[in-house]
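One structure is given below, encoded as structure tokens.
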Amino acid sequence: MDVRSISTFGAVAAEDEPVLNYFVETSAVSEIGEGEKFLVLGRKGSGKTALVRYFNEKKQNGLVSIALNLRGYPWALHAKRSDSDVDESERYEASWRYLIVVEFAQLVAKRLTGLSKWTDEAKNLIEFFSQNYGGLDVGLGDFLRPEKLRLTKASFEPQLLGVKLGGITLERKSEQGGLARELNLLSDLILKNALYLCGREGIEKILIHFDELDQGMLRFDSPRQQMLTGLILATRSVNREAAKNSVKLKSVIYLRTDLWNQINFSDKNKITTTSVLDISWDEASLLKVVNSRVNSITGKNWDAIHDATTMRGRQQKFSYIVARTFLRPRDVISYLNILLSKAKERINTKGGATVFTNKDIVDSKREYSTYLRLELHDEISPHWREWEDALKAISKMGLLSFARISFEQRYPQAVTAGNVYTSEQALETLYEYSVLGAYRASGYGGKKWVYRYSEPGEAWDSSGNLFKVHLGLKEHLALKE
Ligand SMILES: Nc1ncnc2c1ncn2[C@@H]1O[C@H](COP(=O)(O)OP(=O)(O)OP(=O)(O)O)[C@@H](O)[C@H]1O
Ligand SMILES: [Mg+2]
């Protein structure tokens with residue numbers, strides 16, 4: 001085996017690669033497809049987009065699946081469609097409900113065959129789309145764009161307190177509430193028609209996936225939080241209505257865990273227990289991801305592309321790599337791509353084994369740790385822009401593990417303008433993202449290092465005194481054991 005025959009282990013983002021060629025089917029697939037869960041949570045690089053692409057591209061009988069990518073979504077326009085009459089967390093529920101309903105209706109209307117086209121339900125729908133959007137090819141970002149929706153006898157005429165609405169003004173002055181009430185009446189009618197037509201056409205199941213809700217987001221500010229909450233509430237509501245009508249329509253939201261942790265609304269706990277699916281990986285399932293890639297490229301598996309010697313402390317090579325990740329496929333793939341280029345360079349210049357050696361793996365650590373820091377930056381900075389101040393303090397201390405008191409001394413010197421985080425908040429946030437682990441009682445009388453990514457149940461303990469930086473960052477921060 002010569003690793004030089006491998007050009008890459010794949011792109012690090014699912015949108016950029018033929019993920020179906022080596023997709024690993026985890027239990028998440030059946031839970032999303034069959035179960036009640038509609039909120040898929042995972043950290044960056046955990047495989048949210050890969051799941052969406054799997055559903056979208058793998059043809060399954062009777063299943064219609066569409067991916068709504070919110071990259072480029074007009075968030076600022078949507079922000080203007082809030083309803084000041086209702087509670088903060090519900091400000092955007094009606095507008096999202098409308099979006100889901102029209103998206104679903106458009107999907108059904110496009111698939112109408114034979115006599116269904118001539119039913120009143122179909123004619124109303126098609127008239128509505130043509131009057132307001134010029135046809136059935138409306139992108140998600142355009143549904144809320146009109147200043148006013150026209151409503152006529154030929155399309156829909158919802159009644160409010162006995163009076164027919166001739167239209168719904170979407171562009172309102174902020175003090176002029178009432179949008180939710182009107183929009184919900186319209187959504188009810190559209191949904192009723194679309195559900196009817198869906199049943200009539202014998203469409204067995206529809207999945208609508210919302211992905212990339214974090215794209216282009218610099219700050220996770222309160223309008224954005226409210227819009228996300230609105231989407232989650234609207235999804236739950238439409239899913240429920242469809243189920244009541246025995247139509248298998250399900251919208252699924254793919255969201256970064258850190259964003260979910262930041263938002264608050266009254267039903268959040270209920271949704272967490274009944275509707276959340278956490279994407280989680282362990283060493284064995286990550287090895288499957290790697291094997292499936294190696295196999296599709298070389299016809300062999302991981303064990304064929306490295307030598308048999310173990311790392312220091314008898315650790316397997318793969319375990320050594322995984323210990324430097326946050327148990328996410330992107331981390332592993334990134335490590336392997338760096339390793340591949342290091343090994344090729346070594347083979348071409350110095351010769352030696354044509355498979356991965358321990359030294360290749362060690363030589364890849366520095367570049368990998370730079371990748372890891374950038375990935376963390378994308379995750380943490382929308383919440384805490386100056387988070388790297390804390391890294392600088394740690395780097396100055398120079399040790400992989402340190403006492404709280406040392407950090408409390410160093411951190412204030414590293415704080416830059418605008419950083420309002422206290423050292424306690426800084427430590428807590430770093431713990432939250434597993435940049436730091438904490439030294440804790442292990443339950444067997446001893447103590448051990450606890451990291452959130454491998455033990456999500458281990459909440460922050462403000463009395464903790466000893467911390468250890470995640471191994472993946474060691475080289476980048478130039479830390480010593
Ligand atoms: N089940 C899987 N089988 C094979 N490869 C996977 C699987 N899940 C994820 N991957 C790979 O892991 C990498 C990261 O996945 P993906 O891009 O889907 O993450 P993400 O959660 O969408 O991240 P982000 O939050 O940054 O958008 C990609 O290269 C993807 O192909
Ligand atoms: Mg993604």
List every residue pair whose Cβ atoms lie under 6 Å apart, where the two residues are 6 or more positions apart in sequence or sit on different chains, the first residue falls within the range 289-305 and is touching a residue at least 12 places away in the same chain (Cβ under 8 Å), and the second residue, located anywhere, is of a type in the set (S, T, Y). S292/Y22; R293/Y22; S296/Y22
Go through the range 40-78 and report how many residues are out of contact with any strand residue (DSSP E or B) (no Cβ under 9 Å at 6 or more places or on another chain) and within 11 Å of ligand 2 (Cβ to nearest atom). 3
Quick test of your reading of the structure: E34 fulfils all but one of (1) surrounded by fewer than 21 Cβ atoms within 10 Å (Cβ to Cβ); (2) in contact with a helix residue (DSSP H, G or I) (Cβ under 6 Å, 6 or more places away or on another chain). Name the failing condition by number. (2)
Single match in Y371, Y320, Y335 (criterion: among the aromatic types (F, W, Y), surrounded by fewer than 21 Cβ atoms within 10 Å (Cβ to Cβ) and within 16 Å of ligand 1 (Cβ to nearest atom)): Y371
Residue list for the range 151-203, restricted to those being closer than 15 Å to Y98 by Cβ, part of a helix (DSSP H, G or I) and in contact with a helix residue (DSSP H, G or I) (Cβ under 6 Å, 6 or more places away or on another chain): A180, L183, N184, S187, I190, L191, N193, A194
In the range 300-330, what residues are in a helix (DSSP H, G or I) and acidic (D, E)? D303
Please state which of the following conditions G62 fails to meet, knowing it meets all the rest: (1) out of contact with any helix residue (DSSP H, G or I) (no Cβ under 8 Å at 6 or more places or on another chain); (2) at negative phi. (2)
Residue among S251, S222 that alone is within 23 Å of E432 (Cα to Cα) and of a type in the set (G, A, S): S222
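Each row is one residue, and each column tells you yes or no for (1) in a loop (DSSP other than H, G, I, E, B); (2) more than 10 Å from ligand 1 (Cβ to nearest atom); (3) hydrophobic (A, V, I, L, M, F, W, C); (4) surrounded by 15 or more Cβ atoms within 10 Å (Cβ to Cβ).
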position: A11; (1), (2), (3), (4): yes, no, yes, no
position: S30; (1), (2), (3), (4): no, yes, no, no
position: K59; (1), (2), (3), (4): yes, yes, no, no
position: G72; (1), (2), (3), (4): yes, yes, no, no
position: D85; (1), (2), (3), (4): yes, yes, no, no
On the basis of being under 22 Å from V469 (Cα atoms), more than 16 Å from ligand 2 (Cβ to nearest atom) and in a helix (DSSP H, G or I), does I297 make the cut? no
Those residues of the range 104-127 that are part of a helix (DSSP H, G or I) and more than 33 Å from the chain's Cα centre (by Cα) come to a total of 12
Of residues in the range 117-172 being in contact with a strand residue (DSSP E or B) (Cβ under 6 Å, 6 or more places away or on another chain) and free of Cβ contacts under 8 Å to residues at least 24 places away in the same chain, the one nearest to L107 (Cα to Cα): N132
Can you find a residue that is among the small types (G, A, S), out of contact with any Phe, Trp or Tyr (no Cβ under 9 Å at 6 or more places or on another chain) and in the same structural domain as K248 (by TED's automatic domain parsing) anywhere in the range 55-63? yes
Within the range 209-226, which residues are modelled with pLDDT of 90 or more and either within 16 Å of ligand 2 (Cβ to nearest atom) or crowded, with 23+ Cβ neighbours inside 10 Å (or both)? H209, F210, D211, E212, L213, D214
Members of the range 248-266 that are of a type in the set (V, I, T) and either touching a Lys or Arg at 6+ places or on another chain (Cβ under 9 Å) or not in a loop (DSSP other than H, G, I, E, B) (or both): V252, I253, T257
Just to check your reading of the model, which residue among I66, I100 is within 24 Å of the chain's Cα centre (by Cα) and more than 23 Å from L149 (Cα to Cα)? I66
List pairs: first residue in the range 27-55 and polar (S, T, N, Q), second residue within 6 Å of ligand 1 (Cβ to nearest atom) and in a helix (DSSP H, G or I) anywhere in the structure, Cβ distance under 9 angstrom, at least six positions apart or on different chains. S46/P329; S46/R330; T49/A14; T49/V19
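The values are calculated or read from the model by the stated rules, or taken from the named source; none is laboratory data. Nothing here was measured: the structure is a model prediction, and the numbers come from that model. Neighbour counts run over all protein chains shown; Cβ positions are idealised from the backbone, glycine included.
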